[in-house]
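Peer 1: Got a structure for you, written out below as structure tokens; questions coming shortly.
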Amino acid sequence: MTGRRRPVLPLAVAAVLIGSLALGGWLLGRARPAGAQAVGYVLPKPPVIWMPSPNFVQRPPGERIDTIIIHDTESPGVKMAQTIARYFDDPASGVAAHYVIGKDGEIVQCVHDAAEANQAGISMFRGRDHVNAFSIGIELVNSQSGHDPFTAAQYRSLGRLVAYLVTRYDIPLDRIVGHHDVSMHPQIKRDPASNFSWQRFFDQVEADLASAPLASR
Ligand SMILES: [Zn+2]
């Protein structure tokens, strides 16, 4: 997507995280940033509202979750995550993401992490197709116009949710990407919109990872 400022983030964040964690004595000698096995703790899951969707299947046996896909909903005028979740609840729509984050920051969960949500469509990431099998999808309510702001509450909730998922499943930060990055139809799937700030998002994730209470480490 043109105009998107994609930071050279994973390495930068990895450097900061590894540096700070090593200082704290929590790094267990692995080169990977922010993973549960690397840092030895799992952040608490932020509160979610459950609105289950039927549009999922079981993941392939033994499949590991190691990727997060960020979407926006391309829904002009919609503000609430629950509005999108009702669409995902319709078998006729055939689609769902694991999580939807509304303009007010409310997080609605529609599919269990353990299941495969029909979110990325025909897709490929680093040589593997069918990204749904190994990813978790998060939708941000947004019109996708490029001018509709992603709210501070959305960045906060997204950061907390992703920080939790990163520690829960040991997901490398450089495997958090946009739908546009994995879709085999990138001219159609352009999300997240060009005004989504990857820098602000990863800054939030980093802050959340760094703010884990000592008791949970
Ligand atoms: Zn999408």
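Peer 1: Anything in segment 81-102 that is of a type in the set (Gly, Ala, Ser) and closer than 22 Å to Ala114 by Cβ? List them, or say none.
Peer 2: Ala81, Ala85, Ser93, Gly94, Ala96, Ala97
Peer 1: Name the pairs whose Cβ atoms lie under 8 Å apart, with the first residue in segment 47-73 and basic (Lys, Arg), the second assigned to a strand (DSSP E or B) and within 16 Å of the ligand (Cβ to nearest atom), and 6 or more positions between them or separate chains?
Peer 2: Note: pairs meeting the criteria are Arg59/Glu116.
Peer 1: Within the bounds of segment 153-173, is there any residue that is in contact (Cβ under 8 Å) with a residue 24 or more places away in the chain, among the hydrophobic types (A, V, I, L, M, F, W, C), closer than 21 Å to Val78 by Cβ and exposed (fewer than 15 other Cβ atoms within 10 Å of the Cβ)?
Peer 2: From segment 153-173, those in contact (Cβ under 8 Å) with a residue 24 or more places away in the chain are 153-173; that's our starting set.
Narrowing the set further to residues that are among the hydrophobic types (A, V, I, L, M, F, W, C) leaves 153, 158, 161-163, 165-166, 171, 173.
Next, from what is left, pick out any that are closer than 21 Å to Val78 by Cβ: 153, 158, 161.
Remaining after also requiring exposed (fewer than 15 other Cβ atoms within 10 Å of the Cβ): 153.
Yes - at least one qualifying residue is present in segment 153-173.
Peer 1: Only residues that are more than 12 Å from the ligand (Cβ to nearest atom) and closer than 15 Å to His71 by Cβ: list them for segment 123-140, please.
Peer 2: Taking segment 123-140 as the starting set, the residues that turn out to be more than 12 Å from the ligand (Cβ to nearest atom) are 124-130, 133-134, 136.
Scanning segment 123-140 gives Phe125, Ile136.
Peer 1: Any chance segment 137-151 includes a residue that's aliphatic (A, V, I, L, M) and in contact with a Gly (Cβ under 9 Å, 6 or more places away or on another chain)? Give the steps one after another, and end with the answer.
Peer 2: Within segment 137-151, the first condition is being aliphatic (A, V, I, L, M), and the residues that meet it are 138, 140-141.
Now drop any that are not in contact with a Gly (Cβ under 9 Å, 6 or more places away or on another chain), which leaves 140-141.
Yes.
Peer 1: Which of the residues that make up segment 70-79 are away from the ligand (no atom under 12 Å from the Cβ) and either crowded, with 16+ Cβ neighbours inside 10 Å or assigned to a strand (DSSP E or B) (or both)?
Peer 2: First pass over segment 70-79, keeping only residues away from the ligand (no atom under 12 Å from the Cβ): 76-79.
Val78 - this is the single residue of segment 70-79 that is away from the ligand (no atom under 12 Å from the Cβ) and either crowded, with 16+ Cβ neighbours inside 10 Å or assigned to a strand (DSSP E or B) (or both).
Peer 1: Sort out which residues of segment 32-67 are assigned to a loop (DSSP other than H, G, I, E, B), among the small types (Gly, Ala, Ser) and either at pLDDT 95 or above or more than 23 Å from Gln119 (Cβ to Cβ) (or both), and write them in order of number. Working first, answer last.
Peer 2: Of all residues in segment 32-67, those assigned to a loop (DSSP other than H, G, I, E, B) come to 32-35, 40-48, 51-55, 59-66.
Then keep just the ones that are among the small types (Gly, Ala, Ser); that gives 34-35, 40, 53, 62.
Within segment 32-67, Gly40, Ser53 meet the criteria.
Peer 1: Could you list, in sequence order, all residues of segment 174-193 that are within 11 Å of the ligand (Cβ to nearest atom) and of a type outside the set (Val, Ile, Thr)?
Peer 2: First pass over segment 174-193, keeping only residues within 11 Å of the ligand (Cβ to nearest atom): 178-183, 185-186, 188-193.
Of everything in segment 174-193, those that are within 11 Å of the ligand (Cβ to nearest atom) and of a type outside the set (Val, Ile, Thr) turn out to be Gly178, His179, His180, Asp181, Ser183, His185, Pro186, Lys189, Arg190, Asp191, Pro192, Ala193.
Peer 1: Of the residues Tyr155, Tyr169, which single one is under 23 Å from Pro61 (Cβ atoms), more than 16 Å from the ligand (Cβ to nearest atom) and of a type in the set (Ser, Thr, Tyr)? Full working, then the answer.
Peer 2: Working: Tyr155 fails: under 23 Å from Pro61 (Cβ atoms).
Residue meeting the stated conditions: Tyr169.
Peer 1: If Gln119 meets every condition in (1) closer than 11 Å to Phe56 by Cα; (2) more than 13 Å from the ligand (Cβ to nearest atom) apart from one, which number is that one?
Peer 2: In the conditions (1) closer than 11 Å to Phe56 by Cα; (2) more than 13 Å from the ligand (Cβ to nearest atom), Gln119 misses (2) alone.
Peer 1: On to the next question. For segment 91-109, how many residues meet the condition of being modelled with pLDDT of 95 or more, more than 14 Å from the ligand (Cβ to nearest atom) and not polar (S, T, N, Q)?
Peer 2: Residues meeting the conditions: 7.
Peer 1: Among Phe150, Phe196, which is the only one that is closer than 24 Å to Ala85 by Cα, in contact (Cβ under 8 Å) with a residue 24 or more places away in the chain and within 14 Å of the chain's Cα centre (by Cα)?
Peer 2: Values: Phe150 fails: within 14 Å of the chain's Cα centre (by Cα).
Checking each option against the conditions leaves just Phe196.
The values are calculated or read from the model by the stated rules, or taken from the named source; none is laboratory data. In this text, all values refer to a predicted model and were calculated from it rather than measured experimentally. FYI the Cβ positions are ideal-geometry reconstructions off the backbone, even for glycines, and counts take in every protein chain you see.
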